[in-house]
1. On a 1.4 Å probe surface of the protein chains, which of D85, D132 comes out largest in accessible area, and what is the full order?
2. For region 119-133, what does the Karplus curve 6.51 cos²θ - 1.76 cosθ + 1.60, with θ = phi - 60°, yield as ³J(HN,Hα) per residue in whole Hz, taken in order and with x for Gly and Pro?
3. Would you calculate the separation in nanometres between label points at R36 and D75, each defined as 7 Å from the Cα along the Cα-to-beta-carbon direction?
4. For the chain, which span is the longest to avoid every loop-located (per DSSP) member of trypsin sites (Lys or Arg not before Pro) having at most 15 other Cβ atoms inside 10 Å?
5. Grab the other residues whose beta carbon is less than 12 angstrom from that of Y96, score K and R as +1, D and E as -1, and report the net.
6. Angle between the Cα long axis of helix 84-93 and the longest principal axis of the chain, 0 to 90 degrees, nearest 10?
7. Tell me the label-point distance for the pair T97, R45, using the 7 Å Cα-to-Cβ offset, in nm and rounded to one decimal.
8. How would H17, H81 rank on accessible area, largest to smallest, probe 1.4 Å?
Amino acid sequence: MEIIPGRGVALAMIGDHRTRVEERVGRPAPGPAAVRPAVYDTTPRLVITYASDDTVELVEIGYSGQGGEAEASCDGIQLTHRLIDDVVAELHARGYTSTPCDIGHDFHAGFSVWSMRVLEAREVDPTAGEDDPRCVVEGVSVAPYGCFGGE
């Protein structure tokens with residue numbers, strides 16, 4: 001699933017109304033939407049935070065573990081389910097700039113790659129040892145850069 005930096009993905013763009021998103025992807029998984037973001041059963045999984053007026057405020061894409069189009073990508077670069085250092089290096093080589101944050105990197109173009117350290121490096125790199133400290137990109141958040149604490 002290709003991200004559009006600062007805007008979202010084709011299925012859900014910043015500012016889209018909830019009804020338009022649900023016309024495209026169906027209803028979210030059951031649960032109190034007012035208490036948590038809406039989780040949609042797509043591949044990869046979409047997690048959308050809506051503003052009080054029911055417009056998309058933040059789009060998040062989780063890893064699927066399947067590779068290819070089942071992962072989040074940007075500018076032809078697979079983002080999720082890869083080592084974060086490799087992803088950041090490839091994006092920087094393409095001219096994207098970022099600032100590190102506590103769980104990943106916030107890109108000035110309007111997205112963030114992050115890891116909650118659920119996956120281990122050996123899940124994406126068969127040569128990694130059991131104690132390999134490298135992080136795997138487990139998710140991507142898409143919104144204007146200012147939403148990530150930037151200017």
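The values are calculated or read from the model by the stated rules, or taken from the named source; none is laboratory data. Keep in mind that this is a model prediction, so the values were computed, not measured. Cβ sites come from the backbone with ideal geometry, for glycine too, and all protein chains shown count toward neighbours. Keep in mind that these areas ignore ligands, DNA and RNA; they rest on the heavy atoms of the full protein, side chains included. Shrake-Rupley method; radii C 1.70, N 1.55, O 1.52, S 1.80 Å.
1. Details: D85 100, D132 40 Å².
Sorted by accessible area, descending: D85, D132.
2. 7, 9, 3, 5, 6, 10, 10, x, 8, 6, x, 4, 9, 4, x
3. 3.4 nm
4. Working: sites that count: R94, R117, R134.
Between the exposed loop sites, the longest stretch runs 1-93.
5. With Lys, Arg at +1 and Asp, Glu at -1, the neighbours total -2.
6. 80 degrees
7. Label-label distance for T97 and R45, simple model: 3.5 nm.
8. Numbers: H17 70, H81 40 Å².
If we order H17, H81 from most to least accessible, we get H17, H81.
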